[in-house]
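One structure is given here, and the rest of the page talks about it.
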Amino acid sequence: MEFPEKPYITLNIILLNPPYYCKVVREGRCQHEAAIWDSVYPPLSLATIASYLRDEHNTKIFDAIAEETDVSALVKVIKNFGTDLIIASVSTPTITEDLQALEHIKSSSHAKIAVFGVHATYFAKALIEENYIDYVLLNDPELPSVQIASERMDNLEGVAYKEDGNIVVRPLNPKRISQFKIPAWDLVDLKKYKIPIKGKSYVLVSTARGCPYDCSFCVVPYYYGKKIRYREVYEVVEELKAVSKYVDEVFFHTDLFTFRKDYVLELCDQIRKEQINIQWICNSRVDTFDKEMAESMKAAGCWMISFGAESGNQDILDLCGKKITLEQSRRAIQICREVGLISIGHFVLGFPGETHETLKQTIQFSREIDPDFAEFYIATPFPGSRLFETVRQDISLAWENIRYDHDPYNYGFDLEKSRTRAYFRFYLRPKKILRFIRLFGFKKIFAMSSSAIRFLTSFMRNPD
Ligand code: SF4
């Protein structure tokens, strides 16, 4: 797999996070509203693509979500930039609005339009039929972006497009790239992105792509592949050194950050040795995490970890293919407490096989293992997940309803009410409030609670 040589012409390219009526995240497997943290992600994929394009093309990143820009303002930006090519990130819950925005842009601009993301990859053929979409980029968007910008159609990989009225789909070479340039964060106004809780500017850093697990609700194996493609530790360290010039905080946006203990220990070791002054958070799995790792991470600047505990019922855990035990979740949260790391537990309600009893068990389990924060989701059948294939006949495919707070099933119990109950039962406890005061102090609690209260009261405003 090779990047094309120097392009024939220099283009004006906008890398776009399209507008939506509220704050949303479109980044890899993450396709959701800002929710309890009221925080959007710095656009990692756009900044990574930009790092490959900027040397040869005039490249601009435009995040209409962070800019809180609507379509008509966006059209002006596109016109003023003399845009030749737009590469847009799209997602399942926002796809209807994304396409409307792109159709509108096409009607008022000569720019070619490409889309990428999990949804775009899954529905590439259907999307390329739309006359305002010129390219669909499949899976990793970096290489296809460079190829379409070079306008050389001979060696395309990972692109769907039209040729003489026919749809051509050129799959990505299975030997995908695994070394990525440092994202072009200097093209992003990082003041607009604040890490949860601390409220400081931050960036995302990826250490790997892909996941060998097969959790039914997850799109990572489909989108990034089942083989993990690691970056070398020294590369990540170089990137951390570079981003520490812009920000104090990093979110390691790696789906399985703690999968390889030797890698994590080596990275933490290097961060300490190089005295990189950065604080960070990451995702983990409860079965690929232990005390030695936690202590090393804490010493290297880690302060918060997310775990997918998913369910409080072992049979449901087994059915969804998570391959963890309740005891492992208990232990992971306990380790965080012992080491002094803030923990977030993620719980999913409404997997196939769920009953009133198992829902109650999950809410009870969240209180029992008691991570510092908990997030509750309705099992969401994103295209690309096994769950989507299982339930697609039974659900209404209104894409805006494929979201964590909407019940798309007909199981005979109200998952939205269960989710509301879960949040209230988890957070509205004297023990929890005292813990927050101890952890963050009154001033911080006050700042945090405005978004939390907004989030919790949204359930009351939308009781259906
Ligand atoms: S462990 Fe499961 S949820 Fe996590 S990235 Fe892999 S497949 Fe997705």
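The values are calculated or read from the model by the stated rules, or taken from the named source; none is laboratory data. None of the values given here were measured: they were computed from a predicted structure. Cβ coordinates were reconstructed from backbone atoms using ideal geometry, including for glycine residues, and neighbour counts include every protein chain displayed.
Starting from residues that are within 9 Å of the ligand (Cβ to nearest atom) and among the aromatic types (Phe, Trp, Tyr), keep the ones in the stretch 213-224 and report whichever is nearest to residue 27 (Cα to Cα).
224
Working only within the stretch 38-53, note down all residues that are outside any helix (DSSP H, G or I), of a type outside the set (Val, Ile, Thr) and either modelled with pLDDT under 95 or more than 19 Å from residue 201 (Cβ to Cβ) (or both).
38, 39, 41
If you check residue 287 against the conditions, is it surrounded by fewer than 22 Cβ atoms within 10 Å (Cβ to Cβ), touching a residue at least 40 places away in the same chain (Cβ under 8 Å) and within 14 Å of the ligand (Cβ to nearest atom)?
Yes, satisfied.
Could you tell me whether residue 23 is within 28 Å of residue 250 (Cβ to Cβ), outside the structural domain of residue 251 (by TED's automatic domain parsing) and modelled with pLDDT under 95?
Considered against the rule, which asks whether it is within 28 Å of residue 250 (Cβ to Cβ), outside the structural domain of residue 251 (by TED's automatic domain parsing) and modelled with pLDDT under 95, residue 23 comes out as yes.
Could you give me the residue pairs with C-beta distances under 6 Å whose first residue belongs to the stretch 330-357 and is charged (D, E, K, R), whose second residue is modelled with pLDDT of 95 or more wherever it lies, and which are 6+ apart or on separate chains?
As it stands, the answer is 330/369, since those pairs meet every condition given.
Residues 413, 426, 440, 436: which one is surrounded by 12 or more Cβ atoms within 10 Å (Cβ to Cβ) and at pLDDT 90 or above?
Going through 413, 426, 440, 436 in turn, just one is surrounded by 12 or more Cβ atoms within 10 Å (Cβ to Cβ) and at pLDDT 90 or above: 426.
Between residues in the stretch 388-409 that are assigned by TED's automatic domain parsing to the domain that holds residue 26 and in a loop (DSSP other than H, G, I, E, B) and residues that are of a type in the set (Asp, Glu) and modelled with pLDDT of 85 or more, which pairs lie under 6 Å by C-beta distance while being six or more apart or on different chains?
From the stretch 388-409, no pairs qualify.
Which members of the stretch 244-258 meet the condition of being charged (D, E, K, R) and either within 27 Å of residue 138 (Cα to Cα) or within 16 Å of the ligand (Cβ to nearest atom) (or both)?
Passing the criteria: only 255.
I'd like the residue in the stretch 188-212 that is surrounded by fewer than 17 Cβ atoms within 10 Å (Cβ to Cβ) and assigned to a loop (DSSP other than H, G, I, E, B) and, out of all such residues, is farthest from the ligand (Cβ to nearest atom).
189
Is there a residue being assigned by TED's automatic domain parsing to the domain that holds residue 384, within 13 Å of the ligand (Cβ to nearest atom) and touching a Lys or Arg at 6+ places or on another chain (Cβ under 8 Å) anywhere in the stretch 225-243?
Filtering the stretch 225-243 down to residues assigned by TED's automatic domain parsing to the domain that holds residue 384 leaves 225-243.
Now narrow it down to the ones that are within 13 Å of the ligand (Cβ to nearest atom): 225-228.
Adding the requirement that they be touching a Lys or Arg at 6+ places or on another chain (Cβ under 8 Å) leaves 225, 228.
Yes, because at least one residue in the stretch 225-243 is assigned by TED's automatic domain parsing to the domain that holds residue 384, within 13 Å of the ligand (Cβ to nearest atom) and touching a Lys or Arg at 6+ places or on another chain (Cβ under 8 Å).
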